[in-house]
Amino acid sequence: MPVPVPRQRAIPAVECGQAQAAPAGGGPLTEGTPRTDDRTDDRKEATVENNATPGDGVPHDVTAAHTNLTLLLIEDDPTAAPIVPDLLDSAGKPIRMRTARNLTEAERLLTDDVHCILLDLALPAPGRAAGDELAVLRHVLELAPRHAVLALTASGDAERGAEAVRVGAQDYLFRDELDGRLLSRAIRYAVERKRSDTAERRLAEGKLRAQENARLERGLLPTPLLEGSPLRFAARYRPGRSRALLGGDFYDTVRTPDGTVHAMIGDVCGHGPDEAALGVELRIAWRALTLAGLCGDQLLSTLQQVLEHERDDDEIFATLCTVDIAPDGRRAGLCLAGHPAPLIARPDRPARLLPYDNNGPALGLLPGARWPRMQVELGAEWSLMLYTDGLIEGRIGEGRERLGQDGMVEMIRRQLADGLTGEDLLRAAVNEVRDLNGGELTDDVAVVLLDRVP
């Protein structure tokens, strides 16, 4: 809606961005001596002012070549203000000026094309508390938090001016020491300082939000519950999202009171924050259900219900691999929901993928699906690696060939032969996959390693 501009007296302080034209005959231009072309210009100016469209409250960019600076003077007696009309910006363009006789009128004139406010600190403020000499400034700063403000005070009242700067003004000026050059420079300085302050504040807010998000994401990564288990645990996580700490991949490991160690790893399709949040929900649900005694098909069926209720789109699905290792550590139950099979390495044979021919569908694809649990033999000493497809879908060189599961198995065999174990093995594996890809991987990567060493 257009902002109404109250009609003001024809005094030089109303819109003095241009020098006043003299009337015919060379006499002085005073109130009550309008000219035809002046009235036309006034109508054009009023059209421009009344069509000013408020945006988000941010003053226009004063760096644009076509934009003139606009000053709003808030002064209860504009005719007495010692302001000269010839105000120029750094490019030599006239600085336009509006005047308001009170705060109510100032609020109507404060459109988005105003860049700076010149405020008389002696102006009365509504609800002014006794002894609060800067009440009017506080009111204006609350009214116009994104605009530069210059405080205007009496000569010799430097302490009040300095206090105005501490409260939030960009600078202060003495009323009886002003001239056009000083005021023009002060306006430009105030506008640039306000812009710099705003940029610094936004940068600080951005850093604070980033730190809070980082703490939140770190807090959502799991802490394995393996107290009392002889198994050794290691994990490696690398989100595909730029500057993120958490992606759509998720994992967890817990030990139940009967001594069984349960491990899982999963992958929600997509890489954004919504997928990351859904992955956290599924991980927490898995942990709660596992500690409650569920496993195998019953657990996965319940997780699918959680996914179906929490996802924003019916096309969202998640792959999952769950392993429950018997208390003696020699055998395990395995369930796969559209997820690649784990890798097992033993001292007496090369690393290989666990055989699994009856892989169930990913969660969220088929209502009423089933996920059979397969019993696998692990042996006395072994390393079991669970991973997401981000580890095997990276490219090899500049072509379209991908590492794949076979390439990953060969890579792990070689690294095991080099004596790498635990965290060192996972770090080397992820780094090599990234190097083969020729740079950072675009997909999330999660790897979990469980070792049993008698």
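Within region 265-298, which residues are within 26 Å of the chain's Cα centre (by Cα) and among the aliphatic types (A, V, I, L, M)?
Val268, Ala276, Ala277, Leu278, Val280, Leu282, Ile284
Please find, within region 289-327, the residue that is farthest from Pro367 (Cα to Cα) out of those that are in a loop (DSSP other than H, G, I, E, B) and acidic (Asp, Glu).
Asp312
Scan region 435-453 and tell me whether some residue there is over 34 Å from the mean Cα position of the chain (by Cα) and surrounded by fewer than 17 Cβ atoms within 10 Å (Cβ to Cβ).
yes
Just to check your reading of the model, which residue among Arg370, Arg395 is of a type in the set (Lys, Arg) and over 21 Å from Val447 (Cβ atoms)?
Testing whether each residue is of a type in the set (Lys, Arg) and over 21 Å from Val447 (Cβ atoms) leaves just Arg370.
Do we find that Gly333 is surrounded by fewer than 15 Cβ atoms within 10 Å (Cβ to Cβ) and over 34 Å from the mean Cα position of the chain (by Cα) in this structure?
No; evaluated as a whole, the condition is false for this residue.
I'd like the residue in region 97-109 that is free of Cβ contacts under 8 Å to residues at least 60 places away in the same chain and surrounded by fewer than 23 Cβ atoms within 10 Å (Cβ to Cβ) and, out of all such residues, is nearest to the chain's Cα centre (by Cα).
The selected residue is Glu107.
Applying the selection to region 351-398, what residues are of a type in the set (A, V, I, L, M) and either part of a loop (DSSP other than H, G, I, E, B) or loosely packed, with under 15 Cβ neighbours inside 10 Å (or both)?
Of everything in region 351-398, those that are of a type in the set (A, V, I, L, M) and either part of a loop (DSSP other than H, G, I, E, B) or loosely packed, with under 15 Cβ neighbours inside 10 Å (or both) turn out to be Leu354, Ala362, Leu365, Leu366, Ala369, Leu378, Ala380, Ile392, Ile396.
Of all residues being out of contact with any strand residue (DSSP E or B) (no Cβ under 9 Å at 6 or more places or on another chain) and of a type in the set (A, V, I, L, M, F, W, C) in region 173-219, which is modelled with the lowest pLDDT? Just the residue, please.
If we take residues in region 173-219 being out of contact with any strand residue (DSSP E or B) (no Cβ under 9 Å at 6 or more places or on another chain) and of a type in the set (A, V, I, L, M, F, W, C), then Leu216 is modelled with the lowest pLDDT.
Let's see how each residue does on (1) surrounded by fewer than 19 Cβ atoms within 10 Å (Cβ to Cβ); (2) among the acidic types (Asp, Glu); (3) touching a Gly at 6+ places or on another chain (Cβ under 7 Å); (4) over 20 Å from Ala100 (Cα atoms):
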| residue | (1), (2), (3), (4) |
| --- | --- |
| Pro126 | yes, no, no, no |
| Glu142 | yes, yes, no, no |
| Gly156 | yes, no, no, yes |
| Ala162 | yes, no, no, yes |
| Phe174 | yes, no, no, no |
| Glu177 | yes, yes, no, yes |
| Leu182 | yes, no, no, yes |
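The values are calculated or read from the model by the stated rules, or taken from the named source; none is laboratory data. Note that the coordinates shown come from a computational prediction; the quantities given were computed from them, not determined experimentally. Note that each Cβ is placed from the backbone with ideal geometry, even for glycine, and that neighbours are counted across all protein chains shown.
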